[in-house]
Amino acid sequence: MRASHNLQIPIADQPGGLWVQRAVGAVTLLLGITLAVLLAFSTFTLAARGGATLTPALIFCAVIGTLSAFFVSVGGRMSFNRPNRHGSLLTPGLWFVIAALFFACAVFVMGTLVATRQFAKLEVAGYALALAVLAVMAGRRAMKKRDSAS
């Protein structure tokens, strides 16, 4: 068995792969820009109505903003064939920010469910915690790749 058998060939290096990568990147970038426009519209609507202190609306804006930043970052990297030096879709810091957001979401959901005595639905908070742990693992892996490359 050859050692190169286990290595993955980047999409851009495969025949016709650069066009596929750019097409997927363009769609992802367009989705991110669309979400950014939705975020701006939602923010201006909340500010105009004076209801900017509504917790669900603020959570909606935070989620849309995070998704928008993720899709714009990944779409831009794929469209313009600009891989990052970490060997990951995101930098380690962004993975940790995503982990913190999932953790905050889990704490908020857990607090809300306990306050309303809906204990049967606590598994939702568990899913958010699992996603937070996975994001931390992705960030740590990206840090290790960066450290081993230097």
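Please treat every number below as a calculation from the coordinates, not as lab data. Predicted model, so just to flag it, every value in this text is computed and none were measured. Here Cβ is always computed from backbone atoms with ideal geometry, including for glycine, and neighbour counts include all displayed protein chains.
Mind sorting MET143, MET137, MET78 by how few other Cβ atoms lie within 10 Å of their own Cβ, fewest first?
Details: MET143 17, MET137 12, MET78 23.
The order, fewest Cβ neighbours first, is MET137, MET143, MET78.
Figure the gain on full extension for ILE59 and VAL114 (residue separation times 0.36 nm, minus the Cα-Cα span) and round it to one decimal in nm. Please report the intermediate quantities before stating the final value.
Details: separation 55, 0.36 × 55 = 19.80 nm, distance 1.88 nm.
Difference between extended and current length: 17.9 nm.
Using the Karplus curve 6.51 cos²θ - 1.76 cosθ + 1.60 with θ = phi - 60°, what ³J(HN,Hα) values do you get for each residue of segment 96-102, in whole Hz, with x for Gly and Pro?
Going residue by residue, I get 5, 5, 4, 4, 5, 5, 5 Hz, with x marking Gly and Pro.
Select from THR112, ALA128, PRO92 the residue farthest towards the positive end of the dipole of segment 86-150; place +1 on Cβ of Lys and Arg, -1 on Cβ of Asp and Glu, and compute about the Cα centre.
PRO92
Ranked by Cβ crowding within 10 angstrom, fewest neighbours first, how are VAL20, VAL72 ordered? Don't jump to the answer; show the numbers that get you there.
Numbers: VAL20 13, VAL72 18.
Ordered from fewest to most neighbouring Cβ atoms within 10 Å, VAL20, VAL72 come out as VAL20, VAL72.
Taking neighbour Cβ counts within 10 Å as the exposure measure, how do VAL74, VAL107 sort from fewest upward? Before the final figure, lay out the partial values.
Numbers: VAL74 18, VAL107 14.
Sorted ascending by nearby Cβ count, the order is VAL107, VAL74.
Figure the gain on full extension for VAL97 and ARG82 (residue separation times 0.36 nm, minus the Cα-Cα span) and round it to one decimal in nm.
Values: separation 15, 0.36 × 15 = 5.40 nm, distance 2.18 nm.
That pair, VAL97 and ARG82, stretches by 3.2 nm at full extension.
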